[in-house]
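Following: one structure in structure tokens, then a few remarks.
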Amino acid sequence: MDACPLCDAPGGEVLWQNDFCRVVLADEPDYPGFLRVILNAHVKEMTDLPTTDQQTLLRVVLAGEAALREVMAPDKVNLASLGNVVPHLHWHVIPRFADDPHFPNPVWGERKRQAPHAASADLAGQLAAALSRRLGRARETG
């Protein structure tokens, strides 16, 4: 198997994790609050997981959406599981604002504005706390 960036590195600033998956704040300067929910095992598709694991992963994705709504009050939240470049199961949970660089286009679409939406200086801490309230206390894997 070739090297996998989501097996070899966290994929962003870890806000919450357990033995099954992790939620990270992606390094996306145009999109503060851009989360990734990353399965800890190298699996390609949702349907490769048993039903109970599918439900568990979706519960974490929805907790990420709820945390973003609580902390950032976005105009919309986009959910995407692509994996075309990195075929390791992960979900993008993206807060969208009418003044963000691409709105109303997808974040990977045509740019409409230059400046990102403003975000709190302690955004990571606020999101980590909101995730812990929904998913329980984060714990180290290993």
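The values are calculated or read from the model by the stated rules, or taken from the named source; none is laboratory data. Fair warning: this is a prediction, and the values are worked out from it, not measured in the lab. We place every Cβ from the backbone using ideal geometry, glycine too, and count neighbours over all the protein chains shown.
Does at least one position in segment 133-140 carry a residue that is within 29 Å of D8 (Cβ to Cβ), surrounded by 13 or more Cβ atoms within 10 Å (Cβ to Cβ) and not charged (D, E, K, R)? Yes; the residues of segment 133-140 include at least one that is within 29 Å of D8 (Cβ to Cβ), surrounded by 13 or more Cβ atoms within 10 Å (Cβ to Cβ) and not charged (D, E, K, R).
Just one residue in the set K112, K76 is among the charged types (D, E, K, R) and in contact with a strand residue (DSSP E or B) (Cβ under 6 Å, 6 or more places away or on another chain); that residue is K76. Checking each residue in segment 102-137 for being closer than 17 Å to L62 by Cβ and either part of a loop (DSSP other than H, G, I, E, B) or modelled with pLDDT under 90 (or both) picks out only G136.
For segment 89-101, the criterion of being closer than 19 Å to V14 by Cβ, part of a helix (DSSP H, G or I) and not hydrophobic (A, V, I, L, M, F, W, C) is satisfied by no residue at all.
On the basis of being of a type in the set (D, E, K, R), in contact (Cβ under 8 Å) with a residue 60 or more places away in the chain, within 19 Å of A129 (Cα to Cα) and part of a strand (DSSP E or B), does R36 make the cut? When the stated conditions are applied, R36 does not pass them.
Over 20 Å from R96 (Cα atoms) and buried (at least 16 other Cβ atoms within 10 Å of the Cβ): does that describe D53? Break it down into steps so the answer makes sense when it comes.
Values: over 20 Å from R96 (Cα atoms): yes; buried (at least 16 other Cβ atoms within 10 Å of the Cβ): yes.
In short, yes.
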